[in-house]
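Since every read-out is calculated from the coordinates, none of them should be taken as a lab result. Since the structure is predicted, the reported quantities are computational estimates derived from the model, not experimental observations. So basically every Cβ, Gly included, is an ideal-geometry build from the backbone, and we count neighbours across all protein chains shown.
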Amino acid sequence: MSGATASLRALAAVSAGGLAVLMLAVMAGIVIGEAPLPLSAVLEVLSVRLFGADTLLDPIDAGIIWNYRLPRTLVAASCGAALSLSGLVLQSLVRNALADPYLLGVSAGASTGAVAVTILGVGGELIEHFRRCLCRCGAGLSDRRAAGARGGRRGGADGAGGHRRVAAFQRADVLFIAKSANAEQARGIMFWLLGNLSGVRWPDVTLAVPIAVLGFAACLIHARALDAFSFGTESAASLGVPVRRVQLVLIGAVTLMAAVMVSLVGAIGFVGLVIPHAMRFVVGVRHFRLIPATALAGAVFLIAADIVSRMLIAGQVVPIGVVTALVGAPGFAIILIRNRARA
Amino acid sequence: MKLVAQGLGWKAAGRAIVQGVDLDLVPGETFGLIGPNGSGKSTLLRLIAGLLPRAQGQVWLDGTPLHRMPRREIARRIALVSQHADTTETLTVRDAVELGRTPWLSAFSPFSDLDRQIVDDALDAVEMRHLAGQGWPSLSGGERQRVQIARALAQRPRLLILDEPTNHLDIHHQLALLRLVAGLDMTVVMALHDLNQAMGCDRVGVMQGGRMVACGRPADVISTALLSETFRVGARILTDPADDSLLYRFHMLENDG
Ligand SMILES: Nc1ncnc2c1ncn2[C@@H]1O[C@H](COP(=O)(O)OP(=O)(O)OP(=O)(O)O)[C@@H](O)[C@H]1O
Ligand SMILES: [Mg+2]
């Protein structure tokens, strides 16, 4: 009894701590920028907007904070959380189906779509769509690779990363048509492929945040089931996990998360691959801890990457995908080496 | 728990891997499954556990058809230690054994003191408690095997299915495992390669080419004729004067290679 209360209290403390870290990161995302804004101004705008207080603030500053920095930061956080959770879930589901460590590396980096095809056997139509998108964005891809190379060693990243980018683009493409994206977002394939947060406004927040929260909840509910996949799908089944249903629900959740985020900000690489692996290292492999840790780290990481992308070169926004690749490419190399060493 | 199977079969790539196997497990018995490599032992065990898609035949647990039961209900009754379960995850020994509690816990129910006790007992049963904190990749083959068995024990099943459980185990742990299995008050089905160990089972079934060609008390089933036909070896049967138990000493058949 007392043990249960204690662990509940610990859970509450950790959750509060996590939320606090997230809030701090969001604040940092708002405060830091080309036009640095004092924290007091940010708090004032928030209190005006949220609680209807009076203000004497410069309307331009207020506008930057409320219409520009805040939505951008919230979407960055949602994207970071959603993309890293997607990566985590795919790695956990697929890991043992393709026990080979090389394939493991590949599948870890592979796209939602590609994995959905592998696991669920989605028909050839989708593959054909992939192929056409591959042709269409071939030019953009090679540029992207160059960017990745500049970011550091690529290791075996090419195959996996390429697949993911193509798949991401394919989903973006689908949603692009479905949603008839606004002009701001449609500034060109290059920007899509490298991620772009500058077009983000409030309507995007109302899509990104709920999807990230729902996706997080879907993953967390399946934490125990995901643990049971450690020794493969058959072992999961023999532990009482309804394998097919869990795969369908989780891959559905992950696809939705990835698709929505890509439709909003373009493809941002490496987050889904590197963050979950880093978090395994920090909190261990049990999903009840790993899922919240991954979501939080992903959110904070992408906020940080966004800040860096705005600050790296004065007067210019470096595509956020380049920033994540700077961290991600070496991270990917380390993961590949570690996996090989373990095999 | 009573398990009845009728007409069990499974095909892969058009080939019958297992066909027409009937089985009737008496509650509490230890049933040994023997047969040469590729004779379908592992496949049959997975069929009994309801783990193979497109299976032929039918399995009943205490009168309920297996395919009507939710996976969780099956997992509360049947635990399986498969021949090749492995992972690249760096979970600890305790993590792996705790997986055995999965069918008994809902998504958010925390581990209770009872669950912890069950996990501790399972670790003790295979003498792995002292390594509870060690990571999976650094375990030896035999240690991994013992952890898998502990995981299955932590599942608190009523039918325990073991696929070559003495694999990788040193002689002490082989004997310890057999004694553990004999002392469990649950039904056990296990595939074995050591025929002298199979002699310790209540009953044995012999697999050959996907069929169960013989089934009964070990002393009745394991004859020199069976050994030469099914296993392609000759054997002399010796009697241990200490307790009159039968022992086999094997040799290649004269006309073989
Ligand atoms: N998924 C599959 N596809 C094709 N063939 C299969 C499949 N699974 C098993 N087999 C074949 O079925 C036969 C029986 O396999 P099984 O693993 O049941 O044998 P076993 O009796 O357990 O052998 P061992 O003593 O080596 O463990 C083997 O010849 C194997 O190659
Ligand atoms: Mg076998």
Q. For labels at residue B:56 and residue A:35 in the simple 7 Å Cα→Cβ model, what's the distance in nm?
A. 7.7 nm
Q) Nearest 0.05, what FRET efficiency do residue B:109 and residue A:56 give at R0 = 51 Å with Cβ-Cβ as r? A) 0.45
Q) Can you give the relative contact order of chain B as a percent, counting alpha carbon pairs under 8 Å and 6+ residues apart? A) 25 percent
Q. For segment B:1-40, what class follows from the C-alpha gyration tensor (a ≥ b ≥ c being the square roots of its eigenvalues): rounded when a/c is under 1.5, otherwise prolate if a/b is larger than b/c, else oblate?
A. oblate
**Q.** Sparse-neighbour loop sites [trypsin sites (Lys or Arg not before Pro); segment A:191-246; at most 16 other C-beta within 10 Å; DSSP]
**A.** A:201
(Q) I want the local charge near residue A:304. Using Cβ-Cβ distances under 14 Å, sum +1 for each Lys or Arg and -1 for each Asp or Glu among the other residues. (A) +1
Q.
Need the C-alpha centroid separation for segment A:263-318 versus segment A:227-248, integer Å.
A. 28 Å
Q | 9 Å beta-carbon shell around residue A:30, net charge (K/R +1, D/E -1) | A | +2
(Q) I need the calculated FRET efficiency for the pair residue B:244 and residue B:83, taking r as the beta carbon distance and R₀ as 45 Å, to the nearest 0.05. (A) 0.85
Q: Find out how many positive minus negative residues lie around residue B:190, taking Lys and Arg as positive, Asp and Glu as negative, among other residues whose Cβ is under 9 Å from that of residue B:190.
A: -2
